[in-house]
Amino acid sequence: MKCRRCKEPAQVALPSHNTAFCPDCFFLFYLRQIERAVKDHAMLVPEDRVLVALSGGKDSLALMVALAELGYDVTGLHISLGIPGSSDEARRIVTEFCAQRGFALEIVDTPALGLAIPEVKARLRRPICAVCGKIKRHYFNLAAIEGGYSVLATGHNLDDETARLFANTIRWDPDYLAGQGPSLPAAGGFPRKVKPLYRLGEYENACFAFLKGLTYATTPCPYSQGASFTGHKALLETLELRSPGAKIAFYDGFLARGRPAFEARCAAASRPLVPCARCGAPTNESPCGVCRIRALLAETPDAV
Amino acid sequence: MITVVREPEGREQTFEHVHTVHKLLNKLGARPGAVLVIRGAELLTQDRRIEDGELIIVRKVRSSG
């Protein structure tokens, strides 16, 4: 198989684009996909100070490298969650990655803030992935606001986005469908949020990370076993194998023809953001979700 | 004979008479696009030949939380 651009031996085959690339031409393709996402959804401007959420996985590290190569002013943000067997490795990888490449890094340590995820899991009778996501988003917002960053970028990829869209669709959840997309404008004290990798799948990100020599975390979160998104990704992977390009068509079609209908339906019912009475973070309902979790922890000291 | 290391599990397997990436993925039941096939510092597409004595890493790409 030859590279479509330069005819050297290809190392990355992309059936969804009916093409294959050598490493150098793949890097060009990869950056162009990000530039297209940024342009199509007005994600970034050259003056932006971009806070990049770094989990230590391939997607977020690849995003950081790519945005820096495209000339953006990037700073990393890592949320350390205190999960045995995964958080320490992720923190070490992110710290070494930023040190080696000269990136500034901020770390938020949730156990030091009274929100170690194992403790939260043991004491709340709610799905831990949803609670963990809420806590991470809270500190993403807080770090961006307090640090004066204009935009928060996350490494969500095409597989993440289509799995989420599939989940929202099979539930026909109008609020979630109205709110899903690769770019959310700044509003009510929240920073702008962007997903510049939404056109690139896990395979492309893994190829980019490998060919750039990135060391990334591969230990799965011990609490993620049986998570519905993993099953949805497997289903969509089967669809993509049979119909290359199906995932991006599903997602782009939703953005163009599906989301506007849900946005119109939900706009009238949306509640304005208010500051949380306890922590000041913008929220639809005060106290905010994280302060409510703290209150539940305080009320249920011995719950299992 | 080729040696294959599966990641992230770290499991090692050996195979006889497997001389292309396509055949290797079939043997492993792995879908192209779901794994990276790595030889040294290069990625191998499905049509590439594999020679006896080589070490191949097959790395799952799907993150699971």
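Just a few scattered comments:
- Three-way shape label, the range B:2-52, alpha-carbon gyration tensor, a/c 1.5: rounded
- Summary value for chain A: 21 percent relative contact order, contacts being C-alpha pairs under 8 angstrom separated by 6+ residues.
- Look at where the Cα atoms of the range B:3-65 and of the range A:154-218 average out, and the two centres are 27 Å apart.
- Dividing the mean sequence gap of close Cα pairs (under 8 Å, 6+ apart) by how many residues chain B holds gives a relative contact order of 44 percent.
- Charged-residue dipole, Cβ positions (Lys, Arg, Asp, Glu), chain A about Cα centre, Debye nearest 20: 540
- Sorted on the mean count of surrounding Cβ atoms within 10 Å across their residues, most packed first, peptides A:36-43, B:48-55 read A:36-43, B:48-55.
- Largest first and in whole Å, the equivalent-ellipsoid semi-axes of the protein assembly as shown read 36, 24, 21, each the square root of five times a Cα gyration tensor eigenvalue.
- Solvent-accessible surface (1.4 angstrom probe) belonging to A:C279, in square angstrom, nearest 10: 60
- CD proxy at 222 nm, helix term only [per DSSP H run n ≥ 4: -39500 (n - 2.57); per residue of chain B; nearest 500]: -3500 deg cm²/dmol
- Separation in nanometres of the label points that stand 7 Å from Cα toward Cβ, at A:A295 and A:T215: 4.5
- Apportionment of accessible area to carbon and sulfur, the range B:2-52, percent (1.4 Å): 45
- Pair-distance profile P(r), taking every C-alpha pair of the range A:94-212, with 10 angstrom steps and integer %: 11, 30, 41, 17, 1
- Residue (of A:L14, A:P272, A:T283) at the positive-pole extreme of the protein assembly as shown, dipole from beta-carbon charges: A:P272
- Length released on extending from A:R265 to A:D109, taking residue separation times 0.36 nm less the Cα-Cα span: 52.3 nm
- Under the convention that each Lys and Arg Cβ holds +1 and each Asp and Glu Cβ holds -1, the size of the dipole of the range B:2-52 around its Cα centre is about 200 debye.
- Semi-axis lengths (Å, descending) of the ellipsoid that matches the C-alpha gyration tensor of the range A:1-102: 29, 19, 12
- Aspartates and glutamates whose Cα lies under 12 Å from that of B:K27, excluding same-chain neighbours fewer than 8 positions away: B:E16
- Shape summary of the range A:160-304, radius of gyration then Dmax from alpha carbon positions: 18.8, 51 Å.
- Cβ neighbours within 10 Å from other chains - mean over A:200-209: 4
- Remark: the range A:151-304 carries a charge dipole of roughly 360 debye about the Cα centre, counting +1 on each Lys and Arg Cβ and -1 on each Asp and Glu Cβ.
- Among B:V21, A:C221, A:V38 - extreme Cα towards positive end, dipole of the protein assembly as shown, charges at beta-carbon: A:V38
- Here's the list of lysines a cross-link from A:K193 could span, going by alpha-carbon distance under 19 Å and ignoring same-chain residues fewer than 8 apart: A:K39, A:K134, A:K136.
- Note: relative contact order over the range A:1-75, using C-alpha pairs below 8 Å and six or more positions apart, is 20 percent.
- Listed residues A:I83, A:P182, A:A66: farthest to the positive end of the dipole of chain A (Cβ charges): A:P182
- Remark: the range B:2-52 carries 52 Å² of accessible area per residue (probe radius 1.4 Å; ligands, DNA and RNA excluded).
The values are calculated or read from the model by the stated rules, or taken from the named source; none is laboratory data. Model, not experiment: these values are computed from the prediction. Positions of Cβ are backbone-derived with ideal geometry, glycine not excepted, and every protein chain shown enters the neighbour counts. To get the accessible areas, we keep the full protein, side chains included, count just its heavy atoms, and leave off ligands, DNA and RNA. Shrake-Rupley method; radii C 1.70, N 1.55, O 1.52, S 1.80 Å.
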